[in-house]
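Any read-out appearing in this document is the output of simple, stated calculations on the displayed coordinates, not a laboratory observation. Here the structure is a predicted model, which means the values were calculated and not measured. Because the Cβ atoms are built from the backbone with ideal geometry, glycine has one as well, and the counts that use them run over all protein chains shown.
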Amino acid sequence: MKNIEHFIGDLLTNTGDSPNQLLQHLCKIQSHYSHIPEEALQLLTDRLHIPPVQIISVVYFYSFLHMKARGEFDIRFSDNITDRMLGNLPLLESLCKKLGVKPGVPRADGRVTVALTSCTGICDQGPALLVNGMVISRLNEERIHKIVGLIEAAIPITNWPKSFFVVEDNIQRQDMLLSQGIIGGSAIGSLVVKGGDAMLDWLDSSGLRGRGGAGFKTATKWRMCRDASADEHYVVCNADEGEPGTFKDRILLNSYAKCVFEGMTLCAGIIGARKGFLYLRGEYLYMRKMLEKELQKRRDTNCLGKNILGKQGFDFDIEIHMGAGAYICGEESALIESLEGKRGIPRNRPPFPVTCGYKNQPTVVNNVETFVAAARIAVFGADWFRSVGTEDSTGTKLLSVSGDCERPGIYEYPYGVTIRQVLEDCGAKDTQAVQISGAAGSTIPPQEFYRQIAFEDVPTGGSFMIFNQKRDLLEMVDNFTRFFAHESCGFCTPCRIGGTLMKNLVNKVIVGHATSYDIAEMENIGLVMQKTAHCGLGSTAPNSVLDTLHKFPGIYSKRLLNRSYEPAFDLDAALDVSRHITGRDDEAAHIRYEK
Ligand SMILES: Cc1cc2nc3c(=O)[nH]c(=O)nc-3n(C[C@H](O)[C@H](O)[C@H](O)COP(=O)(O)O)c2cc1C
Ligand code: SF4
């Protein structure tokens, strides 16, 4: 293995020594050494002029970075509720047993670590795992058996069967975005012909709203950014796609990257940006090479006498930045912090990124699907786009359908489609509930299946997880509360403490120790989190608990103890050790509860 000094020297020679590159350097060091060696800290400090303590805080913030070695084979099982429904835990147990390793702890010989990770975005082809950052889909016992053989024979993953690493697009229904391609440069060509003002008016009248969840009008965002005077403007594509159950950006990046980059370049042309970033979630590392190739193709492609990308062309270029396993980095201000090489702690807002974003300069952050839609509108027009959807939600929406149905995958529908229609199309039967918009979204019971996917009814970033009558919805709630407690960035108390309390209370219900007092506590904590958390993660984290408490009270009430209060743990039993040490076991050495 390369000497660390040479490795970092080469890294900085190739990518420069800007402190903004810290996270990118750390990702490369982690990937090469399976951890961040101590010596790397001082070397990075010397070259980037960042104190070691700041570098360590960044390492501890991102789940995919570690100070301790994970071995030649670093394995993480995706642990979304849909992976659980497909049996990820027995497969993890089987792999651990065969390899002789405990979950989360490197094997005694240091060669392999097996652990869990948050949703990897492969819910339609799960259970899935990451090995050294690369996705293996459709796990079963046979694959686990083969993986053990490959690890024990020390076969590098580049020589593992290619079939393991296949991730299909799995498009089940196409509409206006997925059914037609566009020629590279055509959106920019249209911008050159129409001019920036007219193009913004076009986007405005198309009614396009952001597809990442919040639904802010795209033309308004771009106009505000363009009008903010500054030395530089930036375009950022949010490809973090961390919301559990969401995988629609995966297929846009995989098969429609040209459109994504076209949309980013269109935006750059309008707001006057020379630099753009694609912030790609760490779990999608397997697409990076292909995306870099696509960018290079654009740098070599001519449109109106100029290259589409690069200094020789429209003076705009795009850089790919990798995430490293932090859901909060999908929040736009946390994403910008992460782009600057820091921990992804959400900023105070206002000011919003449109006036004060990357390097405090005006920055547009949009979802992948938003850029694809914008590029299409620039080519096909506002009326074309408005011709489908509803008055307030024009165009189509990509849904990532997973869970209990015959045909999971990507479904593109005009806005306004009912939940019932989607369930019918994907072959869902006997559905108990649909979780829409991920762990942060809403739990929809059958009596609401008439409702529409639309900003004015049930909005969604794209996740559509289905649960049939055989499922215990409390397992879903448990999975989501654990997810939020793990993903909280820890900056504010309501989320840091509230999230953990909520997780513990859900567990108390599951193990049969909860009372009606605990249910009231869950409601109270949930409301505090919704009202006082610093960012959208904390304010949406209690949604699944509050929704199921109101819409599925039976999943809680059937487990409650018939008394007003029960402690979360047995204090008397906890005193056993002290009794043993002091040699006392009389009545006064015990705590007795009133029954
Ligand atoms: C915790 C959290 C996670 C988020 N994750 C994503 C994400 O993965 N992708 C995304 O596009 N937007 C995500 N968002 C929303 C972004 O903050 C932002 O609103 C969006 O990228 C804007 O793009 P749009 O206008 O095209 O929707 C997240 C928000 C929060 C609070
Ligand atoms: S709400 Fe949670 S994720 Fe957001 S700032 Fe507070 S602690 Fe961090």
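Worth a mention:
- Charge-dipole axis of the stretch 234-344 as Lys and Arg at +1 and Asp and Glu at -1 on Cβ define it, positive-most pick from Ile308, Gly282, Val235: Ile308
- Straight-line cross-link partners of Lys306 among the lysines, defined as a Cα under 16 Å from its Cα and at least 8 positions apart when in the same chain: Lys297.
- Relative contact order, percent, the chain [alpha-carbon distance under 8 Å, six or more residues apart]: 13 percent
- Its residues counted as N, the stretch 169-228 yields a C-alpha radius of gyration over 2.2 N^0.38 Å of 1.35.
- Note that the chain carries a Kirkwood radius of 25.5 Å, evaluated over its alpha carbons pair by pair.
- Charged side chains reduced to their Cβ positions (Lys and Arg at +1, Asp and Glu at -1) give the stretch 122-256 a dipole of some 220 debye around its Cα centre.
- The stretch 266-335: C-alpha gyration tensor shape, a/c 1.5 cut-off, then a/b vs b/c: oblate
- Each label was represented as a point 7 Å from its Cα along the Cα-to-Cβ direction; for Glu152 and Lys306 these points are 6.1 nm apart.
- Cross-link partners for Lys97 among the lysines, with Cα-Cα distance under 26 Å and sequence neighbours closer than 8 places in the same chain left out: Lys68, Lys146, Lys162.
- Folded to 0 to 90 degrees: helix 88-99 orientation relative to the chain principal axis, Cα: 80 degrees
- 24 Å tail of the calculated P(r), the stretch 83-181, as % of Cα pairs: 27 percent
- Euclidean distance between Cα centres, the stretch 213-259 to the stretch 496-514, Å: 36 Å
- The slack between Met290 and Arg274, meaning 0.36 nm per residue of separation minus the straight C-alpha distance, is 3.5 nm.
- For the stretch 21-100, the list of trypsin sites (Lys or Arg not before Pro) that fall in a loop by DSSP and count at most 13 other C-beta atoms within 10 angstrom reads Lys68.
- DSSP loop GluC sites (Glu not before Pro) with at most 11 other Cβ within 10 Å excluded, longest remaining stretch of the chain: 1-390
- Only Lys, Arg, Asp and Glu carry charge here, each on its Cβ (+1 for the first two, -1 for the last two); on that basis the chain has a dipole of about 660 debye about its Cα centre.
- With both residues required to sit in the chain, DSSP beta bridges show an antiparallel share near 45%.
- Sequence-distant residues sharing a close amide H with Ile171 (under 5 Å, placed H): Ile410
- Computed from point charges on the beta carbon alone (+1 for Lys and Arg, -1 for Asp and Glu), the dipole magnitude for the stretch 528-575 about its Cα centre is near 260 Debye.
- Counting only alpha carbon atoms, the long axis of helix 196-206 and the longest principal axis of the chain meet at about 50°.
- Between the residues Gly110, Ala454, Phe467, the greatest Cα displacement towards the positive end of the dipole of the chain, with unit charges on the Cβ of Lys, Arg, Asp and Glu, is found for Gly110.
- Among beta bridges identified by DSSP and lying wholly in the stretch 252-348, the antiparallel ones come to about 35 percent.
- Pairwise label distance in nanometres, Glu142 with Glu319, each label 7 Å out on the Cα-Cβ vector: 4.6 nm
- A helix-only calculation puts the chain at -12500 deg cm²/dmol for mean residue ellipticity at 222 nm, using -39500 (n - 2.57) for each DSSP H run of at least four residues, averaged over all residues.
- With the simple model of a label 7 Å out from the Cα in the direction of the Cβ, Ile510 to Asp383 spans 5.6 nm.
- Shown here for the stretch 405-506: trypsin sites (Lys or Arg not before Pro) in loop regions (DSSP other than H, G, I, E, B) with at most 16 other Cβ atoms within 10 Å, namely Lys429, Arg451, Lys470.
- Cα-based helix-to-principal-axis angle, 493-510 vs the chain, degrees rounded to 10: 50 degrees
- Cα-based shape type of the stretch 1-121, given that a ≥ b ≥ c are square roots of the gyration tensor eigenvalues and the cut on a/c is 1.5: prolate
- The ranking of Ile29, Ile50 from fewest to most other beta carbons within 10 Å of each one's beta carbon is Ile50, Ile29.
- Calculated FRET value between Thr532 and Asp572, using beta carbons and R₀ = 45 Å, to 0.05: 0.80
- Potential lengthening of the chain between Lys359 and Gln42 amounts to 111.6 nm, from the contour at 0.36 nm per residue minus the alpha-carbon distance.
- The stretch 269-403: antiparallel DSSP beta bridges as a percent of all, rounded to 5: 40 percent
- Taking 4 °C and 1.567 mPa s as conditions, the stretch 391-492 diffuses translationally at an estimated 91 µm²/s according to Stokes-Einstein applied to its Kirkwood radius (Cα pairs).
- For q = 0.15, 0.17 Å⁻¹, Debye-computed log10 I/I(0) when each Cα of the stretch 218-329 counts as one equal scatterer: -0.68, -0.86
- Prolate/oblate/rounded call for the stretch 267-412, Cα gyration tensor, a/c under 1.5 rounded: rounded
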